[in-house]
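Let me begin by presenting the structure, written as structure tokens, before commenting on it.
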Amino acid sequence: MNHTTFRAIALPALLTLAFSASPARAEGAASSAPAPKAQPPAAAAARNRFDRVEQRIRKLHQELQITAAQAGPWHAFAQTIRANAERMERAFDQRARKLPTMNAEQAMQSYTELARLHASNMDKLSDAFRKLYAVLSPAQKHQADVLFRSARPRRKR
């Protein structure tokens, strides 16, 4: 599998985190709908992002028809997705808090650090998926190949 294949898995979740982690978006989402249980707007937005990650994991589980015998590698793959999302959430949150006081050089460096984190996350996801893919049946592998090759519509910014 190449990196393009794995982008189809992780990129939607990571891009969702990336483009919805800005304070302005979090505030906009909070003003259009009240946050449940009086959560701060950023916490509610983060909860929504993690809910989308969980939905994607459930959808992949269903689409790949993961069996009980494949539960170990599947669980490791799903946990990698979750851990990657959490790391990206923390990194974007940290950058958003610091951005107002950063100069241009610091802002560029912080973006570089986000790119490195994304690359590291993709390596972890690729390793976890490789182990899962190895235990998939031929029919499941075919389904994975189709799912991960399909072009996903890009979100409008």
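The values are calculated or read from the model by the stated rules, or taken from the named source; none is laboratory data. These numbers come from a predicted model, not from an experiment. Note that we place each Cβ from the backbone using ideal geometry, even for glycine, and neighbour counts take in every protein chain shown.
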Requested in this report: Would you check if there is a residue in the range 147-154 being surrounded by 11 or more Cβ atoms within 10 Å (Cβ to Cβ), over 14 Å from I81 (Cβ atoms) and either in contact (Cβ under 8 Å) with a residue 40 or more places away in the chain or among the aliphatic types (A, V, I, L, M) (or both)?
Outcome: yes
Requested in this report: Taking E105 as the residue in question, decide whether it is among the acidic types (D, E) and either farther than 22 Å from A43 by Cα or touching a residue at least 60 places away in the same chain (Cβ under 8 Å) (or both).
Outcome: yes
Query - Criterion (more than 21 Å from D145 (Cβ to Cβ) and either touching a Phe, Trp or Tyr at 6+ places or on another chain (Cβ under 8 Å) or outside any helix (DSSP H, G or I) (or both)) met by exactly one of L99, L114 - result: L114
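Residues checked against (1) within 18 Å of the chain's Cα centre (by Cα); (2) under 20 Å from E54 (Cα atoms):
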residue: R82; (1), (2): yes, yes
residue: M88; (1), (2): yes, yes
residue: A91; (1), (2): yes, yes
residue: P100; (1), (2): no, no
residue: A107; (1), (2): no, no
residue: Y111; (1), (2): yes, no
residue: A119; (1), (2): yes, no
residue: S137; (1), (2): no, no
Query - First in the range 55-68 and in a helix (DSSP H, G or I), second anywhere and at pLDDT below 95, Cβ under 7 Å, 6 or more apart - result: R56/P12; R56/A13; E63/L147
**Report entry** Qualifying residue in the range 118-133 (condition: farther than 21 Å from I81 by Cβ and at pLDDT 95 or above)
**Finding:** no
Query raised in the report: Would it be correct to say that A68 is among the hydrophobic types (A, V, I, L, M, F, W, C) and surrounded by fewer than 20 Cβ atoms within 10 Å (Cβ to Cβ)?
Result: yes
